[in-house]
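S.K.: Next up is a structure, given as structure tokens.
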Amino acid sequence: MIDRTFEEYKALLDEHILDFIPDIDQKSITLYDSMKYSILAGGKRIRPVLLLAACEFCGGKAEEALPYACAMEYIHTYSLIHDDLPCMDDDELRRGQPTNHVIYGDAVATLAGDGLQAAAYEAMQRDMLLYFDNFDALKSRVRAAYEIVKGAGVTGMVAGQIADVEAENKRCSKELLDYIHITKTADMIISAVRAGARLGSCSEQELENLTVYAENLGLAFQVCDDILDVEGDEELLGKEVGHDEANSKATYPALYGLDESKRKLRELTDAAKDALAEYYDNAELFVELAEMLATRVS
Ligand code: FPP
Ligand code: MG
């Protein structure tokens with residue numbers, strides 16, 4: 001059962017966020033510094049909190065899910081570092097601070113991303129090693145790790161990123177735009193929720209309902225991100241806006257216009273909330289999060 005608020009899960013996560021990074025040799029300390037710089041740069045921690053909350057929603061304990069929640073945030077952070085590189089979106093500001101490569105240079109930033117991805121897999125594998133004598137616990141961990149790796153992988157986030165890069169300066173169909181949004185952004189949100197559910201030993205019904213919630217929330221998240229790039233406040237967002245249009249990116253507002261994008265955001269948010277309606281107050285955190293994201297743009 002969920003008996004903590006978003007902020008309480010975030011506080012738990014923040015307390016342990018560096019715990020699963022291996023002790024890095026003094027000779028490669030720059031690697032650690034640059035990884036740490038981006039991990040502590042003020043992310044909202046939406047994905048790991050979703051994972052912890054989904055775990056408890058299904059009956060598990062958040063503390064036991066921490067290696068997977070932190071892995072999720074390491075992978076998310078790596079993707080942002082690489083996305084900001086000059087060879088990708090070439091952004092100098094993220095979460096209100098200079099991007100990793102602005103501080104450490106392109107080579108170190110690339111390696112910080114690589115290191116965070118490797119640390120994520122190591123954190124999960126190390127945790128699994130502890131459960132060899134408990135088959136049920138091991139099974140849910142293997143399943144959770146697979147959800148995460150798949151969402152981050154070459155049919156998930158990385159596939160979305162290449163489609164996004166290749167769609168730049170080209171006409172993009174609505175179908176391709178959906179593919180980009182689902183893979184690049186929604187898949188990581190879906191895997192966070194499903195991994196948490198697996199760790200909490202979910203029922204089939206819980207997994208199905210949570211997946212529908214996450215699919216809609218994930219798409220809403222990227223539509224929201226697109227809208228904010230058009231009319232968001234740089235100060236509040238902590239990053240430069242107007243980049244998508246300047247770089248001729250495939251976005252919802254570019255294809256559908258702002259009004260239709262906002263209508264779509266509302267539709268997705270309502271569908272996310274509906275998916276968990278049968279759980280009433282038990283799903284309050286999920287429902288509030290969906291509403292909070294949608295109202296960021298209205
Ligand atoms: C902002 O999340 C991030 C997104 C909307 C996802 C964008 C997807 C990518 C950049 C994929 C990049 C992939 C590769 C392989 C380079 P957020 O608002 O939760 O950010 P926060 O953590 O700063 O709060
Ligand atoms: Mg990008």
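S.K.: Could you please give the count of residues in region 15-58 that are open to solvent by less than 60 Å² (accessible area, probe 1.4 Å) and either more than 23 Å from Asp114 (Cβ to Cβ) or part of a helix (DSSP H, G or I) (or both)?
M.R.: Going through region 15-58 one residue at a time, the tally reaches 23.
S.K.: Could you tell me how many of the residues in region 220-233 are away from ligand 2 (no atom under 16 Å from the Cβ) and open to solvent by 30 Å² or more (accessible area, probe 1.4 Å)?
M.R.: Summing the residues that are away from ligand 2 (no atom under 16 Å from the Cβ) and open to solvent by 30 Å² or more (accessible area, probe 1.4 Å) in region 220-233 gives 2.
S.K.: What residue, among those in region 155-169 that are outside any helix (DSSP H, G or I) and out of contact with any helix residue (DSSP H, G or I) (no Cβ under 9 Å at 6 or more places or on another chain), is surrounded by the most Cβ atoms within 10 Å (Cβ to Cβ)?
M.R.: It comes out as Glu168.
S.K.: Would you check which residues across region 73-105 are within 11 Å of ligand 2 (Cβ to nearest atom) and aliphatic (A, V, I, L, M) and list them?
M.R.: Leu80, Leu85, Met88
S.K.: Further, regarding this structure: Could you go through region 179-187 and let me know if any residue there is exposed (fewer than 14 other Cβ atoms within 10 Å of the Cβ), assigned to a helix (DSSP H, G or I) and among the acidic types (Asp, Glu).
M.R.: No; the residues of region 179-187 include none that is exposed (fewer than 14 other Cβ atoms within 10 Å of the Cβ), assigned to a helix (DSSP H, G or I) and among the acidic types (Asp, Glu).
S.K.: I need the full set of residues from region 156-176 which are within 14 Å of ligand 1 (Cβ to nearest atom) and not charged (D, E, K, R), in order please.
M.R.: Gly156, Met157, Val158, Ala159, Gly160, Gln161, Ile162, Ala163, Val165, Ala167
S.K.: While we're on this one: Which one is farthest from Tyr256 (Cα to Cα) among residues in region 153-172 that are at pLDDT below 95 and more than 14 Å from ligand 2 (Cβ to nearest atom)?
M.R.: Lys170
S.K.: Answer yes or no as to whether Asn282 is of a type in the set (S, T, N, Q) and open to solvent by 70 Å² or more (accessible area, probe 1.4 Å).
M.R.: Spelling it out, Asn282 is indeed of a type in the set (S, T, N, Q) and open to solvent by 70 Å² or more (accessible area, probe 1.4 Å).
S.K.: How many residues does region 234-263 contain that are open to solvent by 50 Å² or more (accessible area, probe 1.4 Å), within 14 Å of ligand 2 (Cβ to nearest atom), of a type in the set (Asp, Glu) and assigned to a helix (DSSP H, G or I)?
M.R.: Going through region 234-263 one residue at a time, the tally reaches 1.
S.K.: Evaluate the following for Ala195: is it in contact with a helix residue (DSSP H, G or I) (Cβ under 6 Å, 6 or more places away or on another chain), closer than 17 Å to Ile75 by Cβ and modelled with pLDDT of 95 or more?
M.R.: Yes; evaluated as a whole, the condition is true for this residue.
S.K.: Residues Ser38, Ser34, Ser79: which one is under 28 Å from Asp164 (Cβ atoms), small (Gly, Ala, Ser) and more than 17 Å from the chain's Cα centre (by Cα)?
M.R.: Exactly one residue qualifies, and that residue is Ser34.
S.K.: I would also like to ask the following. Within region 177-195, count every residue that is more than 15 Å from ligand 2 (Cβ to nearest atom) and either farther than 26 Å from Phe286 by Cβ or touching a Cys at 6+ places or on another chain (Cβ under 9 Å) (or both).
M.R.: Matching residues across region 177-195 total 2.
S.K.: Mind checking whether some residue in region 99-115 is open to solvent by less than 50 Å² (accessible area, probe 1.4 Å), under 23 Å from Cys70 (Cβ atoms) and not in a helix (DSSP H, G or I)?
M.R.: Checking region 99-115: at least one residue is open to solvent by less than 50 Å² (accessible area, probe 1.4 Å), under 23 Å from Cys70 (Cβ atoms) and not in a helix (DSSP H, G or I).
S.K.: Looking at the structure I just gave you, is Val212 over 18 Å from Gly160 (Cβ atoms) and in contact (Cβ under 8 Å) with a residue 24 or more places away in the chain?
M.R.: yes
S.K.: For Leu217, are the conditions met, namely being of a type outside the set (Gly, Ala, Ser), at pLDDT 95 or above and within 16 Å of ligand 2 (Cβ to nearest atom)?
M.R.: Answer is no for this residue.
The values are calculated or read from the model by the stated rules, or taken from the named source; none is laboratory data. The model shown is predicted, which means the values in this text are computed figures rather than measured ones. Cβ atoms come from the backbone with ideal geometry, glycine included; neighbour counts cover every protein chain shown. The protein model used for the area step is the full one, side chains on, heavy atoms only, and it has no ligands, DNA or RNA in it. Shrake-Rupley method; radii C 1.70, N 1.55, O 1.52, S 1.80 Å.
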